[in-house]
Every structure is written in structure tokens, then in C-alpha cells.
Amino acid sequence: MSRFAEPWTEPTGLTAILIAVPELAAFTDRWRSVSYSSARPQLPLSALVPPHVTVLVPWVQDPSPEDVQRLTEAVADIAPFELSFSAAGQFPNGTAWLMPEPYDEVLALVNAVLFAFPECPPYGGEHLEPQPHLTISSSAQGGPAVVAEAEEALAAAPPPPVRLDDLSIWREGEDSVWQLIGSVPLGA
């Protein structure tokens, strides 16, 4: 049995590799502060984890120095780049998101990590071909109205680009709040 046999939505001290963009909180918290995950309904998204694009969750349960080195090597050939968010959309379940750009570079980064950790299927195997995105509203609170509001906000005053120069490693606490536990540089 895999060490990831439990559903990834259970708060079990999971680890994740993220593109954390806390600089976007001022822009995204208008939605994330009033949106709740069905798996963790006690806190709004904004209190669980900062704005981010998921690269891989769940990652290894207890990352070893060798796991971190493997992650570092997976992204060694990917140079840092500017990341922006100028489009909104939603998944069929209603989850509203912002699209990271340049999308192809973000997808290549995600795929490099997935290739390096084939034993860690993304989202516990629920979504084997992830679509990089920054969730602004969960399925219960998302939908076309949130997407339209986000598109208006992006047109009026888009968030500034951020420099992506590392991937961050996070662990979910017993209280369901994710804590930063490390990072690896891009292009090392």
C-alpha cells in the first residue's frame, strides 16, 4: 500500500511543493478570506495557506535531504522568471482561479517536479495532469460571479508581477494551517 493511500484532503501532516506568492494576498484575499475548503471548513483559504500555485501535493511525508536534493536537481535547469496573473477562470466544479503566466513555463516547472517524483501522484492521483492555477475561491463559493469580479479587478488594477526564483516546501499542521519548512532555488 502506498504511503499516500489516505485521501490527500485529510489533514495528516502532508507536505507540498508550492510556488508561494504571498505578495498577491492584498489582491486575492477579497475572495480567499470568504472562501472555505469543503475538506477544511473551519478556516478560510487565506488562513490555511498563502496565495500559491500548487506544484505537487502530496509530496513525500517526511522529506529527507536526498528528497530535497532530488527536488533541487529537478529544477536546476529552470532559470528564475517573472510570474504574473492576468486572467481568471473556473474549473467545472466551480473553483475559481487565476492563471499563472507564462503558463507554459509554469507547466514545464510542474512537469519537471512530477517527473522527478513519480511515486507522488499529484493530488493523490485525483488529477494526474494538473493545470497550474492560483485558487481564489473554492467550489462552494466560486463560480461565474467570482470569475467576473476577478476579471474586472484584473482589468482595473492587476497585481504586479513577482519574481519566481524558488519553490517552497510546506507541511500541513494538525490545525490544518500550512507552515513553510524549506525552499529550493530555481536554476541552482
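The values are calculated or read from the model by the stated rules, or taken from the named source; none is laboratory data. Please read these numbers as outputs of a predicted model, since none were measured by experiment. Cβ: placed from backbone, ideal geometry, glycine included. Neighbour counts: every protein chain shown. Keep in mind that these areas ignore ligands, DNA and RNA; they rest on the heavy atoms of the full protein, side chains included. Shrake-Rupley method; radii C 1.70, N 1.55, O 1.52, S 1.80 Å.
Given a 1.4 Å probe and the protein chains as shown, Leu45 ends up with an accessible area of around 20 Å². Largest GNM mean-square fluctuation among Pro122, Pro63, Pro50, using the chain with Cα springs under 10 Å: Pro63.
Taking each residue as 0.36 nm, the span from Val68 to Glu149 lengthens on full extension beyond its C-alpha to C-alpha distance by 25.3 nm. The tail of the calculated P(r) for segment 34-94 beyond 18 Å holds 61 percent of all Cα-Cα pairs.
Charge tally for Gly187 (other residues, Cβ to Cβ under 11 Å; Lys, Arg +1; Asp, Glu -1): -3. Heavy-atom accessible area for His52, with the other protein chains in place and a 1.4 Å probe, reaches approximately 40 Å². Ordering Glu152, Glu126, Glu172 by accessible surface, largest first, gives Glu152, Glu126, Glu172; the 1.4 Å probe counts only protein heavy atoms, with every chain in place. Surface analysis of segment 67-150 yields an accessible area of 47 Å² per residue, using protein heavy atoms and a 1.4 Å probe.
Modelled spin labels at Ala26 and Gln179, positioned 7 Å past Cα toward Cβ, are 2.9 nm from each other. Can you figure out the FRET efficiency of Ala116 with Phe91, using R₀ = 22 Å and their beta-carbon distance, to the nearest 0.05? Once the sixth-power term is evaluated, E becomes 0.30.
Applying 1/(1 + (r/R0)^6) with r as the Cβ-Cβ distance of Leu128 and Ala157 and R0 = 30 angstrom yields a FRET efficiency of 0.25.
Centre-to-centre, using Cα atoms only, segment 118-188 and segment 64-107 are separated by 8 Å. When only the Cβ of Lys, Arg, Asp and Glu is charged (+1, +1, -1, -1), the dipole of the chain relative to its Cα centre reaches about 340 debye. Checking (1) 77, 33, 28; (2) 112, 38, 25; (3) 45, 35, 25 against the coordinates, the calculated Cα extents along the principal axes in Å falls under label (3). Just the protein heavy atoms count here, and of the accessible area of segment 71-159 at 1.4 Å, carbon and sulfur take up 57 percent. For segment 54-130, the convex hull spanned by the alpha carbon atoms encloses 103 Å³ per residue.
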